[in-house]
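To start, the structure itself, in structure tokens.
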Amino acid sequence: MLKKSSSLFAVLAVFATLVMGVACAQSDLGITTKVKAKLATDSTVKATQINVDTTDKVVTLSGTVNSEAAKEQALALARGTEGVADVLDNLTLIAPQSAEAGRTVGQVVDDASITAAVKTKLMTDSVVGALKINVDTKDGVVSLNGPVKSQTEKDTALRIARETNGVKDVRDNLVVQSV
């Protein structure tokens, strides 16, 4: 009898896991995660420049892109993501030369390295929901933008950015949102 109960419990646990997995995949957070993953793996799109927010299955893309091709690809990837009802385009097209005018290649590379380092540290931290935080760096000054769930998450993200090598200053544009 105990063996039958254990088997039934195992079957129910697997079923509950599958149901939760499907439900989470269709949630706004699940959709945001899937869109960000698609953007991150695409060679045309610079995912670090694009912020993804989802409300009621409507995805809003905001931030900057360096070409019309990158903009169209980002929109197509978002529209092609399972569970997306609509995509709002708030992307701004900037020419790479105007965005980097007056800066050396070394400065641009340093800023990109800093952005990548901060993003990586945020992604590996258990307190910070890094997928919603946009990281931008210019001349060693890091800007953190986006929603956070608590003051603790905000403080942790700011501390991580400040402690990253090469960061001269951190601009706090994080907004604590109650859940």
(request) Within the stretch 68-80, work out how many residues are over 24 Å from LYS138 (Cα atoms), among the small types (Gly, Ala, Ser) and either assigned by TED's automatic domain parsing to the domain that holds THR137 or surrounded by 21 or more Cβ atoms within 10 Å (Cβ to Cβ) (or both). (result) 1
(message) Within the stretch 94-111, does at least one residue satisfy the condition of being touching a strand residue (DSSP E or B) at 6+ places or on another chain (Cβ under 7 Å), farther than 24 Å from LYS154 by Cβ and at pLDDT below 85?
(response) yes
(message) Cβ-Cβ distance below 9 Å, separation of 6 or more or different chains: which pairs start in the stretch 27-50 with a residue that is not assigned by TED's automatic domain parsing to the domain that holds ALA112 and in a helix (DSSP H, G or I) and end on one that is basic (Lys, Arg) and at pLDDT 85 or above?
(response) ASP28/LYS57; ILE31/LYS57; ALA47/LYS36; ALA47/LYS38; THR48/LYS119
(message) Of the residues VAL52, VAL87, VAL65, only one is at pLDDT 85 or above, closer than 30 Å to GLY166 by Cα and surrounded by 19 or more Cβ atoms within 10 Å (Cβ to Cβ); which?
(response) VAL52
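The values are calculated or read from the model by the stated rules, or taken from the named source; none is laboratory data. Because the structure is a prediction, the values reported are computed rather than measured. Note: ideal-geometry Cβ built from the backbone for every residue, glycine included; neighbour counts use all protein chains shown.
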